Amino acid sequence: MDGEPDLCIGGTWRHASDGGTRDIVNPADGSVVAVVDEATPDDARDAVAAARAAFDGGAWRATTAAERSELLNRIADLLQRDKEDLAHLETRDTGKTLAESRIDIDDVTSVFRYYSRLIGVEADTLVDVGDPAVISRVVREPIGVCVLIAPWNYPLLQMSWKVAPALAAGCTMVAKPSEVTPLSTIAFVRLLDEAGIPPGVVNLLQGSGATLGSALTDNPDVDFISFTGGLATGRNIAATAAAHVTKVALELGGKNPHIVFADVRDSGDWDAAVDHVLTGVFLHSGQVCSAGTRLIVEESIADDFVAALAERAAAIRVGNGMDPASETGPLVSEQHRAKVEDYVALGISEGAKLVCGGARPTDAALADGYFYLPTIFDRCDRSMRIVAEETFGPILTVERFTSEDEAIALGNDTEYGLAAGVRTSDAARGERVVRALRHGTVWLNDFGYYTASAEWGGFGKSGNGRELGPSGLAEYQELKHIWHNTAPTAAGWFKN
Ligand code: NAP
């Protein structure tokens with residue numbers, strides 16, 4: 001960053017092997033906020049080789065769980081010490097509000113604290129094989145060299161969901177943040193040096209996925225790839241990794257339904273329901289994998305509910321994330337805004353009714369940034385591409401239902417299955433609907449929350465594997481069954 005080398009390979013910070021760099025742009029005003037090294041495929045091969053050597057050398061994986069637990073805690077302390085700096089980097093890079101970035105860094109910290117605790121209490125599983133002479137146990141061992149690829153919407157948070165369990169398990173790794181938002185991850189890896197992570201355990205590359213992708217994923221020295229990003233990229237990575245039978249975990253996109261029953265009107269939950277639907281879709285300008293982008297609302301309240309939403313959506317203060325008055329920031333890049341604008345044009349051409357937004361803000365102070373107004377389309381149905389496809393922008397589509405079965409059918413009518421919300425004051429109905437929905441996280445009378453101690457991941461084409469929780473650690477571990485006969489005798493199978 002700004003003349004300092006940004007690639008970390010085998011414990012040495014270095015520039016790209018061909019001297020290449022990339023401008024990092026602040027999406028709030030289009031200014032260049034940093035120039036970072038852009039790794040080449042050769043750098044990628046070096047980084048995997050360094051991670052392989054650090055793993056095969058054995059010293060890191062021989063550390064005790066207690067030692068790694070302590071290291072993770074130290075990292076959490078350093079994250080809190082540097083919280084303001086990291087939050088500022090995240091906002092300059094992604095455009096999100098500083099308030100959101102501060103929450104992100106707290107969440108990153110909690111992930112390290114959680115895995116620090118979990119690895120400290122993990123124990124072998126003893127198995128009774130029915131023979132008192134045999135001690136049988138299943139132990140967990142690190143899976144090996146991991147490639148960790150993260151997206152741009154929650155750069156450090158998504159990376160922490162991978163780095164923390166990988167370190168806890170005793171793995172070595174090559175981390176690749178998104179090419180457009182690498183700043184917080186560079187600062188974070190410097191902080192890992194300070195925490196005392198040995199050379200070669202965490203290697204860092206910045207650069208385009210298209211260029212580095214195959215050097216990282218089409219590599220027999222890699223044991224596990226953890227990827228968070230879009231469906232198309234996930235498919236590519238899975239296909240490439242299959243040639244080496246490399247294990248892959250995919251956290252992909254979502255098209256998440258938020259189902260609202262009419263009973264919210266009389267239960268006193270109306271305002272909170274409107275608020276959660278609004279926040280669920282427009283937080284971070286919709287650039288959230290679990291954003292509740294499909295409102296599925298009971299017909300009898302639909303007109304009033306959409307009107308209440310539109311009134312609040314129009315009042316959202318869109319602006320520079322550094323300005324404390326801003327409630328949501330820009331889209332991440334000009335290219336991404338163009339994609340969102342294409343979806344809005346498509347929605348109109350598909351016959352959806354534009355209720356609000358559908359344009360860039362007119363405020364001249366925002367003209368150089370990639371801002372877009374919160375947008376609501378009513379009268380949508382599942383045949384429309386704006387309902388079926390992930391737009392990853394501030395676009396809410398509205399569908400209506402008249403029965404519980406129809407609401408469930410609509411909620412499940414997606415190729416994705418990442419997250420869903422259900423709003424009802426009827427507890428029995430709430431339980432029926434959350435169990436019927438085929439999504440990895442379902443919120444009942446809430447939306448958007450998660451915790452490091454519970455699993456996160458998708459059904460359907462939202463991916464496979466799980467991050468966070470005990471399963472998020474298990475992804476980075478191999479299970480080994482050790483059968484120890486304490487009183488060996490001949491097997492006696494062959495007689496001569
Ligand atoms: P993306 O375009 O798929 O990129 C994700 C990461 O993959 C980036 O680091 C990208 O690098 C890299 N990449 C691209 N092509 C690659 C290849 N052939 N081989 C290896 N790596 C490659 O996704 P995005 O636009 O950054 O992120 C948005 C997507 O992420 C949305 O679909 C969103 O739903 C999903 N997401 C899912 C979750 C979840 O928990 N399920 C969480 C957050 C985001 P470059 O950027 O350098 O090209």
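Observations
- The Kirkwood radius of the chain, taken over pairs of alpha-carbon atoms, gives through the Stokes-Einstein law at 4 °C and 1.567 mPa s a diffusion coefficient of 54 µm² s⁻¹.
- Helix 183-195 vs. the chain, principal-axis angle (Cα, 0 to 90°, nearest 10): 30 degrees
- Unit charges on C-beta of K, R, D, E only; dipole of the range 206-272, Debye: 320 debye
- Leading residue at positive end of dipole, the chain (Cβ point charges), from 152, 243, 301: 243
- Residue 134 contributes an accessible area of around 10 Å² to the protein surface, as traced by a 1.4 Å probe with all chains present.
- Taking every protein chain into account, the 1.4 Å probe leaves residue 113 with about 70 Å² of accessible area, to the nearest ten.
- At q = 0.13, 0.22, 0.30 Å⁻¹, base-10 log of I(q)/I(0) for the range 104-161 (Debye sum, equal scatterers on each alpha carbon): -0.57, -0.97, -1.14
- Per-residue 3J(HN,Hα) values for the range 207-218, derived from phi via the Karplus relation 6.51 cos²θ - 1.76 cosθ + 1.60 with θ = phi - 60°, read x, 5, x, 4, 7, 8, x, 6, 5, 8, 9, 9 Hz in sequence order (x marks Gly and Pro).
- In the range 299-350, the portion of solvent-accessible area held by carbon and sulfur atoms comes to 49 percent [1.4 Å probe, whole percent, DNA, RNA and ligands not counted].
- Modelled label positions at residue 14 and residue 403, each set 7 Å beyond Cα in the direction of Cβ, lie 6.7 nm from each other.
- Beta bridges per DSSP, both residues in the chain: antiparallel share near 40 percent.
- On Cα atoms only, tilt of 41-56 relative to the major axis of the chain in degrees: 50 degrees
- Summed over the residues of the range 312-468 and divided among them, the accessible surface reaches 44 Å² per residue at a probe radius of 1.4 Å.
- Each 10 Å bin from 0 upward holds the following percent of the Cα-Cα pairs of the range 117-244: 11, 38, 29, 14, 7, 2.
- R0 of 51 Å, Cβ-Cβ distance residue 85-residue 304: FRET efficiency to nearest 0.05: 0.65
- The range 57-189: C-alpha pair distances exceeding 27 Å, %: 29 percent
- The HN-Hα couplings worked out from phi for the range 305-313 by the Karplus form 6.51 cos²θ - 1.76 cosθ + 1.60 (θ = phi - 60°) are 5, 5, 5, 5, 5, 4, 4, 6, 4 Hz, whole numbers, x standing for Gly and Pro.
- Whole-percent carbon and sulfur share, accessible surface of the range 26-104, 1.4 Å: 52 percent
- Using distinct alpha-carbon pairs, which all enter the 1/r mean, Kirkwood radius of the range 431-496 in Å: 16.1 Å
- Inter-centroid distance (Cα atoms) of the range 265-293 relative to the range 312-350, Å: 16 Å
- By the compact-protein rule of thumb, 2.2 N^0.38 Å, the alpha-carbon radius of gyration of the range 1-118 corresponds to a ratio of 1.28.
- Cα-Cα pairs of the range 239-335 separated by more than 17 Å (percent): 62 percent
- The range 192-232 and the range 64-105 have Cα centres lying 20 Å from one another.
- Residues whose amide H falls under 5 Å from that of residue 21, counting only those 5 or more places apart or on a different chain, are 38, with hydrogens built in the peptide plane.
- Net length available on complete extension from residue 349 to residue 129 is 72.6 nm, with 0.36 nm assigned per residue and the Cα-Cα distance removed.
- Neighbours of residue 232, meaning other residues whose beta-carbon lies under 12 angstrom from its beta-carbon, give a summed charge of 0 when Lys and Arg score +1 and Asp and Glu score -1.
- For a label point 7 Å along the Cα-to-beta-carbon line of residue 235, residues of the range 398-439 with backbone N under 15 Å: 415-416
- Under the convention that each Lys and Arg Cβ holds +1 and each Asp and Glu Cβ holds -1, the size of the dipole of the chain around its Cα centre is about 1160 debye.
- Taking every protein chain into account, the 1.4 Å probe leaves residue 385 with about 110 Å² of accessible area, to the nearest ten.
- Cα-derived Rg to Rh of the range 354-486, Kirkwood definition: 1.12
- Euclidean distance of C-alpha centroids, the range 464-492 and the range 135-182, integer Å: 20 Å
- In the chain, helices alone account for a calculated mean residue ellipticity at 222 nm of -12500 deg cm²/dmol, with every DSSP H run of four or more residues adding -39,500 (n - 2.57).
- Helix 231-242 vs. the chain, principal-axis angle (Cα, 0 to 90°, nearest 10): 20 degrees
The values are calculated or read from the model by the stated rules, or taken from the named source; none is laboratory data. None of these values were measured; they are calculated from a predicted model. Don't worry about glycine lacking a Cβ; one is built from the backbone with ideal geometry, like all the others, and counts go over all protein chains shown. These accessible areas exclude ligands, DNA and RNA; they are computed on the full protein's heavy atoms, side chains included. Shrake-Rupley method; radii C 1.70, N 1.55, O 1.52, S 1.80 Å.
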